[in-house]
Protein chains: 2
Amino acid sequence: MEYRKIKDEDKQEDGEDDIENLRGKALSVGVPLINAGSLGGVGDRAQWKRKSVVTLALTVLTSSQAILIVWSKRAGKYDYSVTTANFMVETLKCLLSLAALSRIWRNEGVTDDNRLSTTFDEVIVYPVPAALYLVKNLLQYYIFAYVDAPGYQILKNFNIISTGVLYRIILKRKLSEIQWAAFILLCAGCTTAQLNSSSDRVLQTPLQGWIMAIVMALLSGFAGVYTEAIMKKRFSRNINVQNFWLYVFGMIFNAVAIVIQDFDAVVNKGFFHGYSFITVLMIVNHALSGIAVSMVMKYADNIVKVYSTSVAMLLTAIVSMFLFGFHLSLAFFLGSTVVSVSVYLHSIGKLQR
Amino acid sequence: MEYRKIKDEDKQEDGEDDIENLRGKALSVGVPLINAGSLGGVGDRAQWKRKSVVTLALTVLTSSQAILIVWSKRAGKYDYSVTTANFMVETLKCLLSLAALSRIWRNEGVTDDNRLSTTFDEVIVYPVPAALYLVKNLLQYYIFAYVDAPGYQILKNFNIISTGVLYRIILKRKLSEIQWAAFILLCAGCTTAQLNSSSDRVLQTPLQGWIMAIVMALLSGFAGVYTEAIMKKRFSRNINVQNFWLYVFGMIFNAVAIVIQDFDAVVNKGFFHGYSFITVLMIVNHALSGIAVSMVMKYADNIVKVYSTSVAMLLTAIVSMFLFGFHLSLAFFLGSTVVSVSVYLHSIGKLQR
């Protein structure tokens with residue numbers, strides 16, 4: 001695959017740039033013409049506003065996602081099959097993209113940028129993120145042989161580091177020294193906030209468990225970075241068209257997952273077996289969050305996404321304290337402090353670059 | 001008391017500066033003529049070397065102090081009275097200062113800067129730190145009515161913040177934004193490293209406990225900042241003379257503490273009751289650490305002292321792991337990571353100021 005170098009936000013020039021070969025096929029990633037950092041002209045301001053809105057939306061949706069999960073656990077166990085729910089999420093995202101597109105077609109007419117039809121060159125990149133997530137989700141079943149669920153939650157914080165490293169290596173975007181320090185702090189702070197009395201068990205994870213956790217973090221980080229590359233490559237392309245193609249392949253890969261994992265359950269009990277009002281709410285929420293992620297990838301970047309979801313994790317805990325009477329630990333307070341300082345350092349690190 | 005403004009290291013000019021009234025008596029703090037930050041000329045290099053050596057000495061001595069405490073606890077309980085041990089520490093420091101002075105007198109003769117005799121104006125400031133520590137140590141007996149010993153260890157991390165704030169307010173030295181962020185991280189990181197399964201109990205501390213912890217942190221921070229002001233006020237004065245007077249008052253105030261707290265024990269069992277080889281080792285170590293603290297105050301500053309003792313705490317845990325087979329927790333690992341990033345940020349924050 002062939003990437004165009006995505007340049008640093010502060011060094012943007014118009015149009016074409018030097019081309020870097022990464023794997024020798026045709027994914028040419030266009031220069032993202034958004035200046036996310038500065039606040040200069042009117043266009044910059046509009047871009048900054050859009051970036052802020054999508055980031056806020058992602059944070060709120062991610063928080064409410066986690067709260068719905070807590071709520072559903074409290075309400076009792078649901079035995080719907082997760083793969084069918086994931087399939088429904090992709091289908092709903094696809095339908096929402098189509099709905100948005102049909103409104104755009106009605107208002108603006110069909111143009112080169114918003115037509116659904118596509119070339120092989122354009123469409124070939126869209127299955128990649130969905131395929132990566134499928135592999136990651138399948139691995140998830142095997143990692144539990146080596147580590148328990150709370151331990152896995154802690155190991156998942158490797159995602160933060162892997163995203164930062166792959167963002168640097170693949171998208172060739174630079175983070176300042178302070179921003180790297182902030183990123184390490186974000187990882188340490190999130191992990192600290194999740195500490196509880198049984199967390200130390202994760203240190204006894206066997207080597208296979210560590211390797212799988214790192215591989216899963218790399219898969220997930222690579223999928224995120226690859227999605228950003230896709231969204232920004234043809235920046236003028238309407239985001240709903242890009243989403244449509246992403247989600248179509250999401251549907252296909254999740255259909256495969258249903259066959260692999262839940263075929264018997266679906267045949268015997270039916271596709272929507274075990275669905276309840278809260279399941280539907282969770283599907284709607286996941287779909288909206290997914291669209292927010294796409295928008296953050298297009299109008300902001302993976303770093304913003306990581307910060308957004310990390311802050312959402314903290315918000316979730318605080319909201320859960322009020323809603324469900326959760327007890328906030330000293331570790332949570334310390335971790336939140338470190339994450340807050342990290343957010344602050346990331347923002348001043350940008351200015352000082 | 002009357003302070004001269006101690007100026008930022010990077011803005012040093014020679015000699016006199018504007019005078020600020022703080023409390024309306026006569027402690028005029030001279031401008032510290034050491035450029036601790038830069039590495040320019042030969043003099044700067046020598047100063048930087050001296051600063052590094054005293055900082056390293058403090059770190060090593062503080063670590064070994066904590067290890068001696070662990071060792072003494074493992075070896076069984078000692079029932080010597082702590083106040084007599086403190087008195088012996090002050091006495092030993094006093095004797096060591098005199099020994100150093102007598103060598104200097106033999107080599108260089110008695111000058112204005114190394115003579116022991118002093119004026120009322122000079123000597124009046126020396127009892128202040130010792131008095132503050134006495135009050136703090138007496139309060140320590142009362143705080144245990146509200147919080148247990150591990151909880152008190154956690155609350156002691158307020159010292160880090162109080163030292164930073166008082167350093168800024170009283171010595172009028174500026175820390176950059178990044179250095180403030182680093183300081184908050186140092187406090188959060190040290191606390192995280194000390195977390196264990198019972199740490200959350202500290203959150204149930206009643207209001208009186210919090211207030212006492214904050215008052216104690218302010219007393220200890222003020223004593224540190226005041227000592228730095230004394231040491232730097234008459235910078236040309238030989239440090240051993242300054243130490244001699246500091247420690248003489250330390251002896252006097254600790255004698256008062258013996259009378260208040262351990263009078264009966266000393267009368268009935270004798271002054272050196274319960275002393276052992278390890279007690280003597282601890283007294284020697286405390287005395288050397290005390291002298292290292294004085295040197296850090298004179299040739300570096302309170303911020304360096306706080307970093308030095310914090311890093312020492314982490315070193316202690318790592319050494320204890322090898323010596324005593326201590327188990328390092330995930331919280332310790334995360335806290336150490338945050339402290340390391342804090343040290344890094346403090347150093348780059350200095351450059352970017």
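In the range A:151-227 the Cα-Cα distances spread across 5 Å bins starting at 0 as 3, 15, 23, 23, 19, 11, 5, 1 percent of all pairs. Residues whose amide H comes within less than 5 Å of that of A:Thr118, counting only those at least five positions distant or on another chain, are absent (H built at 1.01 Å from N in the peptide plane).
Label-to-label distance, A:Val165 versus A:Val259, with points set 7 angstrom from Cα along the beta-carbon direction: 3.5 nm. With label points defined 7 Å past Cα in the direction of Cβ, position B:Asp264 shows copy-to-copy spacings of 7.6 nm, given to one decimal and shortest first. For the pair A:Thr118 and A:Asn196, a Förster radius of 41 Å applied to the C-beta separation gives a FRET efficiency near 0.30, rounded to the nearest 0.05. Specify whether the C-alpha gyration tensor of the range B:243-353 places it in the rounded, prolate or oblate class, a ≥ b ≥ c being the square roots of the eigenvalues: rounded for a/c under 1.5, otherwise prolate if a/b is larger than b/c and oblate if not. Cα axes put the range B:243-353 in the oblate bin. In chain A, the beta carbon lying closest to the axis that superposes A onto B belongs to the residue given here with its whole-angstrom distance, A:Ser197, 2. Residue by residue, the range B:127-143 carries 3J(HN,Hα) couplings of x, 4, x, 4, 5, 4, 5, 4, 4, 4, 5, 5, 4, 3, 5, 7, 5 Hz when phi is fed to the Karplus relation 6.51 cos²θ - 1.76 cosθ + 1.60 (θ = phi - 60°); x denotes Gly or Pro. With the label put 7 angstrom out from Cα along the Cα-to-Cβ vector, B:Phe324 ends up 3.8 nm from the copy partners, going from closest to farthest. Across peptide A:334-345, the mean count of Cβ atoms from other chains lying within 10 Å of each residue's own Cβ comes to 6.
Taking a ≥ b ≥ c as the square roots of the Cα gyration tensor eigenvalues, with a/c under 1.5 meaning rounded and otherwise prolate when a/b beats b/c, else oblate, which class fits the range A:306-345? Oblate, because a/c is 1.5 or more while a/b does not exceed b/c.
Please state the shape class of the range A:273-317: rounded when a/c is under 1.5, otherwise prolate if a/b exceeds b/c and oblate if not, all from the C-alpha gyration tensor. In terms of gyration-tensor shape, oblate. Per-residue Cβ neighbour counts within 10 Å put A:Glu122, A:Glu177, A:Glu228 in the sequence A:Glu177, A:Glu122, A:Glu228, beginning with the fewest.
Here is how far apart the A:Arg50 label points are across copies: 6.1 nm, shortest first, using a point 7 Å from Cα toward Cβ. Fewest-first ordering of B:Tyr307, A:Tyr141, A:Tyr247 by other beta carbons within 10 Å of each residue's beta carbon gives A:Tyr141, B:Tyr307, A:Tyr247. Each of A:Arg45, B:Arg168, B:Arg173 was scored by other Cβ atoms within 10 Å of its Cβ. Listed from fewest to most, they are A:Arg45, B:Arg168, B:Arg173.
In the structure shown, the pairs A:Lys93/A:Lys232; B:Lys93/B:Lys305; B:Lys49/B:Lys136; B:Lys93/B:Lys174 are assessed against 30 Å; a Cα-Cα span above that value is assigned to B:Lys49/B:Lys136; B:Lys93/B:Lys174.
The 3J(HN,Hα) values that the Karplus relation (6.51, -1.76, 1.60; θ = phi - 60°) gives for the range A:188-196 are, in residue order, 5, x, 4, 5, 4, 4, 8, 4, 9 Hz. Gly and Pro appear as x.
For the range A:293-310, the Karplus equation 6.51 cos²θ - 1.76 cosθ + 1.60, evaluated at θ = phi - 60°, returns couplings of 4, 4, 5, 4, 4, 7, 9, 10, 7, 4, 5, 4, 4, 4, 4, 4, 6, 5 Hz by residue, with Gly and Pro reported as x. For the protein assembly as shown, adding -39500 (n - 2.57) for each run of n ≥ 4 DSSP H residues and dividing by the number of residues yields -24000 deg cm²/dmol at 222 nm.
The distance from the alpha carbon centre of the range A:228-292 to that of the range A:169-224 is 26 Å, rounded to a whole number.
Just so you know, all these numbers are worked out from the coordinates, no wet-lab data involved. This structure is a prediction, so every number in the text was calculated from the model and none was measured. All Cβ positions, even for glycine, are placed from backbone atoms using ideal geometry, and neighbour counts span all protein chains on display.
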